[in-house]
Structures are given as C-alpha cells and as structure tokens.
Amino acid sequence: MADSGQEDRHKEHGDESRDSAVRLLTTLEQLLQLEATNMADTLNAAAHLVGQVTSAEKVDLFLYHSENHTLQVAGLSDTPMSKHEVELGLDRIAIADGGRLVKVFQTGEIYATGHADRDPEMLPGITEELGVRSLLVSPLDVGGERRGVLQAASALEDAFSEQDRRFFEAATRWVGLVVHRAELVEQLTISAGEEARRLAADELITVLAHDLGNLVTPLSLRLQLLRRKVARKGNTSESKEFEILLANVARLQGLIMNLLDTARLDHGLFAIEPEVCDLTALVTATAAVLSAPRTPVEVHGDLHVIVQADPARLRQVIENLLENALQHTRPGTPVSVSVDIEPKEETDSESVTTPEWATLVIQDHGPGIPAGVLPRLFERYVKGHHSLGIGLGLYVSYRIVEAHGGTLAAESIPGQGARFTMRLPLSADT
C-alpha cells in the first residue's frame with residue numbers, strides 16, 4: 001500500500017499545479033480584456049493586474065528609450081511603493097548606471113532574489129531608500145524585439161516562490177503582447193487623426209485654389225492688356241515692370257494648378273493626353289523663360305529626344321523642378337540641366353541593352369536636401385528648411401512622371417547641392 005503521507009503530498013502538489021494553471025488562465029483572460037484605447041492607462045492596468053496576482057507591493061513596466069539611453073517606467077501598479085518610487089526618481093534608470101534591471105535588459109536573463117539588500121549589483125536607491133528585499137525582473141519582448149523589463153518588488157524577504165517566478169515569466173510574455181497591441185492601436189489612432197486633418201486641409205485648400213483661380217485669371221488678362229498699351233507708347237521701363245508682375249502672376253497660377261492637381265489625383269480625375277513631343281525643345285524653352293543673370297540655367301545636350309507625353313504636363317514638371325533648383329542654388333552659380341538618352345537593361349535571358357530612357361538631369365549648387373527630408377521628398381506638404389512653397393510641386397511632379405510610365409528621383413550630398421533625375425520611356429519616333 002502506498003504511504004498515506006506520500007499520497008497527501010501528491011494531492012497537495014496536484015492542487016497547487018491546478019491552482020497555478022487557473023491563476024495563469026485567469027490573468028491571461030484579464031490582460032486580454034484590457035481596452036488598448038490609451039497607452040499609459042493600458043500599461044498601468046496591466047502592471048497593477050500582475051501585482052495583484054503575485055501579491056507584489058509594486059510592479060513596473062520599464063521601456064527602453066534610445067534617445068537618452070534610459071529605462072523609463074511606462075506602466076506601474078497603483079500602490080504606495082510605486083508612488084514612492086516615482087517620488088524618489090527611480091522610475092527612470094540610465095543604462096550607464098547599471099544595476100540589475102539594466103543587466104536583465106541587456107542579457108535577457110530573468111532575475112529573482114529574496115535578499116536584494118545582499119546583492120552588490122543592486123542600485124542602492126532601490127534597497128536603501130525604497131526598501132525592496134524581494135525582486136523579480138524579467139526581460140520584456142514586444143513584437144519580437146527586446147524593449148524593456150517587467151519588475152515585481154516587495155519589502156518582505158523571500159516574498160516570491162518558485163511558482164511565482166514561473167508565473168511572472170509567463171505573465172511578462174503576455175504583457176509584451178498587451179504593449180504591442182496598445183502601440184498598434186495608438187499608431188492607428190494617430191494615423192487616423194493625421195488622415196482626418198489632411199483630408200480637412202485638402203478640402204480647404206481645394207476650395208481656396210478655386211477661389212484664387214477665379215481672381216487670378218482676370219487679373220492676368222488685365223495685366224496683359226495694360227502691358228500691350230504701355231508697349232505701344234514705347235515706355236520701356238514700365239513695360240519691364242509689367243513683365244515682372246506677369247511673371248509673379250504666372251508663378252501664382254502654377255501654385256494654384258498644383259493645388260488643384262493634388263485634388264484631381266486624389267479623386268482619380270487626373271488625366272494626361274500624350275502626343276509625340278521633343279523633350280529637349282521643351283526644356284530649352286522653359287529654361288529660357290526662368291533663367292536669370294544671377295542664377296542662369298545652362299542646358300546641355302542638343303539631341304532631339306522624342307517622348308510620348310502630354311506636353312503641358314511635362315512642361316509643368318520641368319517648371320517645378322527648375323524653380324525648385326533656382327530657389328536653392330547659390331546666387332551667381334548656374335543650374336545645370338542635361339537631356340540625354342540612357343540605355344535600359346532588359347530582364348530577359350540574353351540581357352541585351354537597348355536605348356529606352358529619355359533622361360532629364362537638373363543639378364543645383366545649394367545646401368542640399370536634409371537627410372531627414374530626402375526619403376519623404378516626393379510626399380505632399382514635405383519641403384526643405386529654405387523652401388518657399390507649401391510642398392506640393394515635387395509631389396505633383398512625381399505623380400505626373402509616374403502617370404507617364406517614368407521615374408523621378410532625387411539625390412543629395414549636404415553642402416554640394418541636389419540632383420533630380422527624370423526618366424521617361426523613349427518614343428519609337430526617335
């Protein structure tokens with residue numbers, strides 16, 4: 001017959017395992033029920049829940065902040081010890097200060113002790129000022145990446161059992177899932193807010209552009225009429241003043257066109273009417289209008305590069321790119337423009353190369369494009385520090401080139417200017 005004491009121990013162990021499983025499942029269920037509507041509230045609730053289950057006097061969720069190399073509390077239980085921790089400034093730990101929390105974060109190994117005051121690697125503030133004796137620290141992974149640590153503490157010695165340790169390790173994995181979900185919800189909320197603001201701004205800008213267009217068109221016609229009258233009288237100085245006014249009005253009309261084109265692109269109303277046209281001739285004519293004595297535009301390449309494109313839209317792109325270059329180039333230095341034919345590699349097995357791209361390269365000699373702006377340069381409302389526009393010209397230009405089956409790219413070295421390269425499919429009539 002089996003020893004009755006042994007049977008009691010087996011029964012006790014079975015009851016303990018069952019209670020542990022129930023505790024795990026209950027905690028998981030409660031964690032999953034947390035509403036991830038607010039990042040801070042969600043993480044505080046998760047920390048407090050884990051604290052209740054482990055009977056810890058405080059539970060902290062520390063996340064790593066790379067900008068200042070610190071572990072900072074992102075969620076903590078609502079207990080007196082947690083509040084005292086914040087008062088002492090122990091809710092922020094510099095990686096350089098070391099200590100057990102930092103070591104767990106760096107090594108990914110869980111730490112457990114019932115005598116923290118005897119550990120020489122423990123930060124003095126935690127044991128001496130906060131009075132922590134028992135401590136559980138587990139690495140926190142979020143989305144497959146080490147992001148911080150979860151910590152449970154008590155002022156009692158040997159407060160946590162081995163069962164508590166195993167539970168805490170499992171709970172940390174679940175808290176990582178809660179953090180990931182909360183971050184995703186927060187990002188979606190921010191994105192939705194930004195999208196709503198963008199849509200409202202776009203609607204307002206479109207209405208404004210229509211109204212401006214209704215005012216500028218008759219103004220332009222009136223200025224042209226007055227210029228012809230002045231020219232007939234032979235007044236050269238006043239005629240030049242009218243030329244300057246008309247040039248400014250033309251720039252305003254270009255801005256209005258960009259605003260309206262943005263709305264057309266969004267609503268699928270943007271269309272191109274391609275025909276055979278000479279890219280070199282378009283570039284040369286546009287450069288002649290925009291070139292000035294202090295900032296000349298030098299065009300290189302006398303080839304007749306023929307493309308199948310909408311000439312009005314293509315001129316719009318060239319104007320946007322040249323005006324952007326003239327705005328940023330240093331006074332007294334030319335903007336360099338080249339038109340050429342570039343080979344394009346085929347992807348078949350023979351790897352033959354045929355001349356298929358018409359290329360336009362515009363190089364300015366300005367400060368260059370900031371590294372933080374360059375990857376987003378062709379997005380709407382993105383512009384450099386010294387840009388005068390509202391950040392739509394390059395966006396519209398990119399979409400026009402894209403609609404023609406081409407590409408528009410930018411590269412820049414700080415202090416050495418920016419280079420824009422447009423590639424369009426070469427016409428069969430070349």
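Just so you know, all these numbers are worked out from the coordinates, no wet-lab data involved. Everything numeric in this text was worked out from a predicted model, so none of it was measured. Counting neighbours? That spans all protein chains shown, and the Cβs are built from the backbone with ideal geometry, glycine included.
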Next item on the list: Rank-order 143-149, 243-249, 367-373 by packing density, defined as the average count of other C-beta atoms within 10 Å over each peptide's residues, highest first.
Entry: 143-149, 367-373, 243-249
Note to self: Quick check: net charge around Gly131, other residues with Cβ under 10 Å of its Cβ, Lys/Arg +1 and Asp/Glu -1?
What the structure shows: -3
Checklist line | Extended-chain gain in nm, criterion 0.36 nm per residue less alpha-carbon gap, Glu243 and Glu162 | finding: 20.5 nm
Notebook entry, point to check: Under a plain spin-label model, where a point goes 7 Å from the Cα along Cα-to-Cβ, how far apart in nm are Asp119 and Ala250?
Noted result: 7.4 nm
Notebook entry, point to check: Can you give the extra length, in nm with one decimal, that the chain gains between Glu356 and Leu226 once fully stretched, where that is 0.36 nm per residue apart less the Cα-Cα distance?
Noted result: 42.1 nm
Check: Using the Cβ atoms and a cut-off under 12 Å, what net charge is assigned to the surroundings of Arg423, where Lys and Arg are +1 and Asp and Glu are -1?
Finding: -3
Next item on the list: Highest first, please rank the peptides 87-96, 326-335 by the mean number of other Cβ atoms sitting within 10 Å of their residues.
Entry: 326-335, 87-96
Check: By per-residue mean of other Cβ atoms within 10 Å, what is the highest-first order of 121-127, 395-401?
Finding: 395-401, 121-127
Check: Among Gly144, Ala112, Leu130, which residue has its Cα positioned farthest towards the positive end of the charge dipole of region 26-189, with +1 placed on the Cβ of Lys and Arg, -1 on the Cβ of Asp and Glu, and the dipole taken about the Cα centre?
Finding: Gly144
Next item on the list: Jot down the radius of gyration and Dmax of region 44-175, Cα atoms only, both in angstrom.
Entry: 13.1, 37
Item checked: Residue-wise HN-Hα coupling along region 149-164, computed from phi with Karplus coefficients 6.51, -1.76, 1.60 (Hz; x: Gly, Pro) -> 9, 10, 10, 10, 9, 8, 7, 8, 6, 6, 6, 10, 8, 5, 5, 4
Note to self: Under the 0.36 nm per residue contour assumption, what length would be gained going from the current alpha-carbon distance of Val185 and Arg376 to full extension?
What the structure shows: 66.4 nm
Notebook entry, point to check: Hey, rough spin-label estimate for Val289 and Ala170, points 7 angstrom out along Cα→Cβ, what's it come to in nanometres?
Noted result: 7.4 nm
